[in-house]
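Following: one structure in structure tokens, then a few remarks.
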Amino acid sequence: MLTELIAQVRPALGLGQKQDIQTAAAHLGRYVPHNQTGSPIWLGDDCAAIPDGQGYLLLAAEGLWPPLVVSDPWFAGWCGVLVNVSDIYAMGGRPLAVVDALWSPSTEQADQLWQGMVAASQAFNVPIVGGHTNCHSPYGALSVAILGRATQLLSSFAAQPGQVLVLATQLTGQLHPQYPFWDAATQAEPAALQRQLGLLPYLAEQGLCGAGKDVSMGGILGTALMLLETSGCGAVLDVAAIPRPATVPLATWLRCFPSYGFLLSVPPAHLQTVQRCFAQEGVTCQAIGQMVNQPQLILKSGTETEVFWDLSAQPLTGFTTPAPPAHGIAP
């Protein structure tokens, strides 16, 4: 089963595109110094965490998948805001504002992109405060950047062996008719969305989680790999324990972008508390694996085990660090 599942899923996760990030890692290294403090700003997390007073400014940007921009511009505009908002919350922060850069061959396509962005801006209560617009482009493209703030971080550099790998996700929704997107947000109540996302900074401020990362276009497995790479550790992931919608096959779910999905590395003593927090807001939260020392992602199903990826032999993004930063917490 596992061999067949890996053969089916791995080529569809876009891991080759994630390896393109190695070009950035090669030019920038693992961190850049903060100009005022001289302390490192680690690179490779969902956001750059820039020390600022008693907390951090969070800065991130995302480019939208070109076929989505062309075929479903409203949803692309929505996703442009969604994915950036998720990056901020995945770091234990709260978003402040977004800006966009939009290229379009027509004002009609640009208008649909704008309608999607504005709808998401209102749903997540995050203002769009500027950017760049070009309606005379030979192609359609969209990128969105975001600024946020955190007092305590959930960093993908801070996962440690002995912690539990947890998936928090929203199973109420529907598959996009054309692409591997699980839409759990566009029809949801904005107040509920905001409460569910607000759980992440709450967990960070209460010291209940070691690390966090939002499930991206790499799906659950690709996102887990990026979390392991930055933390310098590995995980044994039980695919049978992964919660998923009843109508969605496992192989399809593993390559979905889930709208609301976060991988968390949780000390065992805090697991039940974390699960209760998500359950109170109608979010499924389940332990799906164990963090280990060996830098491999190992998949498990019953008595079967298979190495999905060996980071010691094959880097993914190239961003890693040999030790967790000071804000990491013990198992």
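Values in this text are rule-based calculations from the coordinates and carry no lab data. Computed from a predicted structure; not experimentally measured. With ideal geometry, Cβ positions are generated from the backbone for all residues, glycine too; neighbour counts draw on all protein chains shown.
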Inset, instruction - Between Val118, Val98, Val164, find the one with the highest GNM mean-square fluctuation for the chain; connect C-alpha pairs within less than 10 Å. - result: Val118
Legend entry - Fewest-first ranking of Asp100, Asp46, Asp52, using other Cβ atoms within 10 Å as the exposure measure: Asp52, Asp100, Asp46
Legend entry - For region 46-150: Kirkwood Rh in Å [reciprocal of mean 1/r, alpha carbons]: 13.6 Å
Legend entry - Per-residue Cβ neighbour rank within 10 angstrom, fewest leading, Cys79, Cys233: Cys233, Cys79
Inset, instruction - Using the Cα centre as the reference, give the magnitude of the dipole from point charges on the C-beta atoms of region 46-150 (Lys, Arg: +1; Asp, Glu: -1; all else neutral), rounded to the nearest 20 debye. - result: 220 debye
Inset, instruction - Would you kindly calculate the translational diffusion coefficient of the chain, applying Stokes-Einstein with the Kirkwood radius from alpha carbon pairs, for 20 °C and a viscosity of 1.002 mPa s, and quote it in µm² s⁻¹ without decimals? - result: 108 µm²/s
Inset, instruction - Counting helices only, and only those DSSP H runs with n ≥ 4, report the 222 nm mean residue ellipticity of the chain as the sum of -39,500 (n - 2.57) divided by its residues, in deg cm²/dmol to the nearest 500. - result: -9500 deg cm²/dmol
Inset, instruction - May I ask you to derive the FRET efficiency for Gln122 and Ala246 from their Cβ-Cβ distance with R0 = 25 Å, giving the value to the nearest 0.05? - result: 0.20
Inset, instruction - Once you've got the GNM for the chain with C-alpha springs shorter than 10 Å, pick whichever of Arg276, Arg244, Arg255 has the biggest mean-square fluctuation. - result: Arg276
Inset, instruction - Under a 10 Å cutoff between Cα atoms, tell me which one of Pro180, Pro245, Pro95 has the largest fluctuation in the Gaussian network model of the chain. - result: Pro245
Inset, instruction - Pick out the long, greasy-scoring helices in the chain: whole DSSP H runs spanning 20 Å or more along their own axis by Cα, mean Kyte-Doolittle at least 0.0. - result: 73-90, 190-205
Legend entry - Two-decimal ratio, region 161-297, of alpha-carbon radius of gyration to 2.2 N^0.38 Å: 1.00
Inset, instruction - Place +1 on the Cβ of every Lys and Arg and -1 on the Cβ of every Asp and Glu in the chain, take the dipole about the Cα centre, and give the residue among Leu68, Ala246, Leu264 whose Cα lies farthest towards its positive end. - result: Leu264
Inset, instruction - List every residue whose amide H lies under 5 Å from the amide H of Phe308, counting only residues 5 or more places away in sequence or on a different chain, with H placed 1.01 Å from N in the peptide plane. - result: Leu297, Ile298, Leu299
Legend entry - Point-charge dipole on Cβ atoms (K/R +1, D/E -1) for region 164-310, about Cα centre, debye to 20: 160 debye
Legend entry - Estimated dipole of the chain in Debye, rounded to 20 [Cβ of Lys and Arg +1, of Asp and Glu -1, Cα centre]: 440 debye
